[in-house]
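Accompanying notes for the structure given below.
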Amino acid sequence: MEEANRDIKEAYKIECINVSKSYNYGEKTEVKVLDKVNIKAKENEFVVVLGPGQSGKTTLFRLIAGFERPTAGEVYVNDKKVASPNPKIGFVFQKYMLFPWKTVIGNIEMGPKLMGISKKKRREIANYYIKLVGLEGFENYYPNQLSGGMKQRVGIARSYANNADILLLDEPFGQLDAQTRMFMEKEIMRMWNQEKKTVCFVTNNVDEAVFLADRIICLEGKLPGRVNKIYNVDIPRPREFTDIPFIKLREEIKNNMELIL
Amino acid sequence: MNGREQVKVKNLFWISFLSILILILVWQFIVSSGIVPSTMLDSPLSVIRLFFDKLTNVNPDGATLGAHVLASLQAILLGYLLALLIGIPLGLLMGWYAVIDGLVRPIFELVRPIPPVAWIPLAIFWFGIGMTGKVYIIFIGGLVPAVINAYTGVLMSNPVLIQMAKTYGASKWQIFKTICIPSALPMIFGALQVALAICWTCLVAAELLASDVGLGYLITMGRRLLLPKLVILGMLMLGVTGFIIGYIVDKIERHLVSGLRR
């Protein structure tokens with residue numbers, strides 16, 4: 001039945017249809033985290049999921065990545081129903097999650113290595129993406145020798161190297177200071193322009209959302225997470241934080257978020 | 001820094017030196033003045049004299065000091081290395097493979113609360129008095145911390161990293177090799193000193209009861225022959241040898257850890 005509801009006129013990379021997710025803690029306590037969430041992302045689209053803490057954003061990503069199954073509803077990636085962790089999806093975590101005993105290049109090579117790609121080939125791949133994310137010269141550094149921004153570059157390069165065609169970034173810049181954050185926002189735009197992918201990006205920062213997104217999906221401020229409003233952002237790139245349309249949209253979203261909080 | 005008064009390093013050396021010196025002088029005084037009878041304690045001078053004598057003399061216990069030290073070293077090295085070589089892989093596998101955990105865990109939990117020293121009588125039945133029995137007791141003693149630390153180390157691997165490796169299509173064995181073992185290494189290094197301390201205790205206990213050579217045996221002979229200086233010499237040699245082995249293991253551990261961090 002859900003199958004019939006799908007919009008087959010347009011191809012989507014990611015499609016969440018009426019997705020709900022509940023967790024059971026003990027016998028009776030059921031926490032509903034997501035409630036009938038609908039999200040679509042087209043190929044090479046930059047979709048930002050905007051919502052304050054505790055609005056089910058990370059859970060949504062875990063469902064898309066196939067780490068968990070929804071309680072109700074369907075998740076499709078590349079027109080296939082998600083049933084297990086998908087190597088086509090690259091996950092970038094807020095808390096970096098690099099392999100601490102591997103160097104920068106070792107971390108980036110990990111995916112290709114586990115997928116059985118030859119040593120020469122995977123070195124080639126790793127070097128290419130090290131260049132893309134701007135980490136030349138740091139190939140042999142260990143994660144604990146890198147700054148937060150650089151760690152996140154490794155995380156992004158690792159997802160690219162894995163030949164993912166969808167990137168899920170879960171508050172990737174949440175732990176960075178304001179200046180590094182702004183710089184990294186420009187950097188991720190540069191990388192995405194250079195090497196287009198379908199990107200889903202979670203943030204709680206309105207400026208970040210307006211700066212990056214083709215489309216902003218606003219979640220409600222409390223559990224269970226519901227889609228509150230969707231904004232299509234057609235401000236031409238590169239965007240400036242001081243552009244009039246930029247400020248207008250930002251104010252609109254901020255006002256709306258105050259309402260839902 | 002703590003609030004303690006800081007003493008210059010040079011002064012600290014002399015203070016420590018003085019403390020040892022006073023101890024020896026007091027010891028010498030209470031023995032040579034006759035406060036303590038020589039059946040209870042021998043003077044430091046006679047212990048030093050015995051030390052030089054025992055370097056070449058096999059009497060009264062049947063072996064030179066060098067032979068005793070060598071016998072003890074041999075036993076501890078064999079037992080300790082065997083415990084690590086078997087315990088660490090076993091713990092790692094138990095941590096990652098539920099089937100192996102299910103098979104080994106009950107037996108392990110049964111053996112774990114039994115102090116290794118309690119095995120000595122059985123070891124004498126099985127292996128007689130000698131090297132094999134000693135090595136067995138030391139092995140049992142070192143096995144427990146080796147297994148537990150390796151096991152806990154695997155359980156401490158970051159589940160997100162494991163999940164990520166799964167999305168890359170890694171097999172269970174690949175995840176074990178590339179994520180669980182490196183994650184467990186700090187815990188395994190932690191086990192080296194713990195296991196060594198237990199093995200060292202086990203060695204002495206085994207030599208006291210089931211041996212015909214070794215530093216523990218030297219102490220027992222001292223007791224039987226009513227020679228306190230022989231006992232003290234054995235104890236001091238155990239202290240020195242134990243310190244040196246501990247120092248070497250510590251150096252190795254540091255080397256491995258820094259190799260890990262680089």
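Please treat every number below as a calculation from the coordinates, not as lab data. In this text, all values refer to a predicted model and were calculated from it rather than measured experimentally. Don't worry about glycine lacking a Cβ; one is built from the backbone with ideal geometry, like all the others, and counts go over all protein chains shown.
Once the Cβ-Cβ distance between residue A:118 and residue A:144 is put in as r, and R0 is 35 Å, what FRET efficiency do you end up with, to the nearest 0.05?
Efficiency, from the Cβ-Cβ distance: 0.75.
Using alpha carbon centroids, what distance separates the range A:162-211 and the range A:242-261, in Å?
A separation of 20 Å, based on Cα centres.
With a Cα-only, solvent-free Debye model of the range B:81-189, what are the log10 I(q)/I(0) values at q = 0.12 Å⁻¹?
Result of the Debye calculation: -0.48.
Output the Cα-based Rg and Dmax of chain B in Å, rounding Rg to one decimal and Dmax to a whole number.
Values for chain B (Cα only, Rg and Dmax): 23.4, 79 Å.
At what distance in nm do the modelled label points of residue B:252 and residue A:44 sit from each other, each positioned 7 Å from its Cα along Cα→Cβ?
Calculated label separation equals 5.9 nm.
Select from the range A:176-234 those GluC sites (Glu not before Pro) which occupy a DSSP coil region and have at most 15 other Cβ atoms within 10 Å, ordered by residue number.
Answer in residue order: A:195.
Note the angle between two axes, namely the Cα long axis of helix B:215-224 and the longest principal axis of the Cα atoms of chain B, as a number of degrees from 0 to 90, rounded to the nearest 10.
Taking Cα atoms only, the helix is inclined about 40 degrees.
Considering the Cα positions of the range A:118-261, please state its Rg to one decimal place and its Dmax as a whole number of Å.
When restricted to Cα atoms, the range A:118-261 yields Rg and Dmax of 16.9, 55 Å.
Using Cα atoms only, what is the angle between the long axis of helix B:65-96 and the major principal axis of chain B, expressed in degrees (0 to 90) to the nearest 10?
20 degrees
I need the GluC sites (Glu not before Pro) found in the range A:43-144, filtered to DSSP loop residues with at most 12 other beta carbons within 10 Å of theirs.
Within the range A:43-144, the qualifying GluC sites (Glu not before Pro) (loop, at most 12 other Cβ atoms within 10 Å) are A:136.
Helix-only mean residue ellipticity at 222 nm, chain A, DSSP H runs n ≥ 4 weighted -39,500 (n - 2.57), per residue, nearest 500. What is it?
That comes out to -11000 deg cm²/dmol.
I need the calculated FRET efficiency for the pair residue B:9 and residue B:30, taking r as the beta carbon distance and R₀ as 35 Å, to the nearest 0.05.
Working from the Cβ atoms, E equals 0.60.
To check you understand DSSP bridge types, tell me what percent of the beta bridges within chain A (both residues inside) are antiparallel, rounded to 5.
Once the DSSP bridges in chain A are tallied, antiparallel ones form about 50 percent.
For the range A:7-60 and the range A:62-110, write down the distance between their C-alpha centroids in whole Å.
Comparing the Cα centres of the range A:7-60 and the range A:62-110, I get a distance of 15 Å.
Calculate how many DSSP beta bridges within the protein assembly as shown are antiparallel, expressed in % of all such bridges and rounded to the nearest 5.
50 percent
7 Å from Cα along Cα→Cβ at both residue B:38 and residue B:194: what's the point-to-point distance in nm?
For residue B:38 paired with residue B:194, the spin-label model returns 4.8 nm.
With the crude spin-label approximation of a point 7 Å out along Cα→Cβ, what separation in nm comes out for residue B:112 versus residue B:244?
Between residue B:112 and residue B:244, the simple spin-label model gives 3.6 nm.
With respect to the cross-link table entries A:32/A:88; A:36/A:57; A:57/B:166; A:13/A:40; A:13/A:80; A:42/A:80, which display a Cα-Cα separation exceeding 18 Å?
Pairs exceeding the cut-off: A:32/A:88; A:57/B:166.
If a/c stays under 1.5 just call it rounded; otherwise compare a/b with b/c (prolate if a/b is bigger, oblate if not). Do that for the range A:16-65, with a ≥ b ≥ c from the square roots of the Cα gyration tensor eigenvalues.
Verdict is prolate for the range A:16-65.
What are the radius of gyration and Dmax of chain A, computed over its Cα atoms and given in Å?
18.6, 55
Using the scaling law 2.2 N^0.38 Å as the reference, what is the normalised Cα Rg of the range B:50-129?
1.63
Want the number for residue A:54 to residue A:196: 0.36 nm per residue separation, take away the alpha-carbon distance, what's left?
Gain on extension, residue A:54 to residue A:196, equals 48.1 nm.
Just want to confirm a number: the relative contact order over the range B:42-261, from Cα pairs under 8 angstrom separated by 6+ residues, in percent.
So the answer I get is 27 percent.
Give me the one-decimal Kirkwood hydrodynamic radius in Å for the range B:186-262, with the sum taken over alpha-carbon pairs.
13.9 Å
Just how many % of Cα pairs in the protein assembly as shown lie over 30 Å apart, if you round to the nearest whole percent?
Of the Cα pairs, 64 percent sit more than 30 Å apart.
Given a Förster distance of 45 angstrom, what is the FRET efficiency for residue A:177 paired with residue A:230, based on the Cβ-Cβ distance and rounded to 0.05?
Working from the Cβ atoms, E equals 0.90.
Could you state, as a whole-number percent, how many of the C-alpha pairs of the range B:79-126 are farther apart than 16 Å?
55 percent
With axes computed from alpha carbons, what is the tilt in degrees of helix B:9-32 against the longest principal axis of chain B, rounded to the nearest 10 within 0 to 90?
50 degrees
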